[in-house]
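Input: a single structure, listed below in C-alpha cells.
The values are calculated or read from the model by the stated rules, or taken from the named source; none is laboratory data. A quick note: this is a predicted structure, and the numbers were derived from the prediction, not measured. Here the Cβ positions follow ideal geometry from the backbone for every residue, glycine too, while neighbour counts run over all protein chains shown. In case anyone asks, the SASA skips ligands and DNA or RNA and just uses the protein heavy atoms, side chains included. Shrake-Rupley method; radii C 1.70, N 1.55, O 1.52, S 1.80 Å.
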Amino acid sequence: HVQLVESGGGSVQVGGSLTLSCVASGDTIGRYCMAWFRQAPGKEREGVAVIHSRREDPIYSDSVKGRFAISLDNAEKTVYLQMNSLKPEDTAMYFCAADFGRSRCGDLWWQAARYGFWGQGTQVTVS
C-alpha cells in the first residue's frame, strides 16, 4: 500500500509564493521518481516538475522553469514544490505522483501514465 498526501495549497496574490508538500507512506522501497502535475477544469493533466530519489537532477516544464523549485527529503519521503512569482495561469489543482523502480526519470517524465500512484490534489488559486 502506497499513499500520497498533498498539502499547502491555497489562495495567493499574483507575484506571490507558495510551497506545496507531499508525504509518501507505505512501501516506497527502492528508486523512484516523484513528480508534480497540475490540472485545470476541462484540460489535460500537465507535468510541472520531477525529481529522482537519488540520481537525477530536477526537471521542470518550460512554463514554470526559473520560478518553481522541486526538492525531496528522502528520509521523510516528502517532496516539495516551492512556487515563486506566481501567475494567474498557475491556478490549478496540483497533484503529486510516484513512479517506483526507475533508475532515472528520463525525457518522458511528463507523461502522466507512467505514474502508478497519485495524491488527491491540493488547489492553488492565484489572483
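Report those strands (runs of 3 or more DSSP E) wholly inside the stretch 19-127 carrying at least 1 residues which are farther than 15 Å from Gly8 by Cα and modelled with pLDDT under 95. Step through it out loud before you land on a result.
On the way: elements: 32-39, 46-52, 68-73, 78-83, 92-100, 122-126.
Because the criterion is at least 1 residues that are farther than 15 Å from Gly8 by Cα and modelled with pLDDT under 95, the strands (runs of 3 or more DSSP E) in the stretch 19-127 that meet it are 32-39, 46-52, 68-73, 92-100.
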**Complete:** Checked the stretch 20-31 for anything surrounded by fewer than 14 Cβ atoms within 10 Å (Cβ to Cβ) and among the polar types (S, T, N, Q); matches are Ser25
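Tally up the residues in the stretch 45-76 that are charged (D, E, K, R), surrounded by fewer than 16 Cβ atoms within 10 Å (Cβ to Cβ) and touching a residue at least 12 places away in the same chain (Cβ under 8 Å), please.
Within the stretch 45-76, the first condition is being charged (D, E, K, R), and the residues that meet it are 45-46, 54-57, 62, 65, 67, 73, 76.
Applying the additional criterion that residues be surrounded by fewer than 16 Cβ atoms within 10 Å (Cβ to Cβ) yields 54-55, 57, 62, 65, 67, 73, 76.
Then drop every residue that is not touching a residue at least 12 places away in the same chain (Cβ under 8 Å), which leaves 54-55, 67, 76.
The total comes to 4.
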**Request:** Name, by its number, the condition in (1) among the aromatic types (Phe, Trp, Tyr); (2) touching a Phe, Trp or Tyr at 6+ places or on another chain (Cβ under 7 Å); (3) open to solvent by 20 Å² or more (accessible area, probe 1.4 Å) that does not hold for Phe117.
**Result:** (2)
**Message:** Can you report the number of residues in the stretch 77-114 which are more than 18 Å from Ala24 (Cα to Cα), of a type in the set (Asp, Glu) and buried (at least 19 other Cβ atoms within 10 Å of the Cβ)?
**Reply:** 1
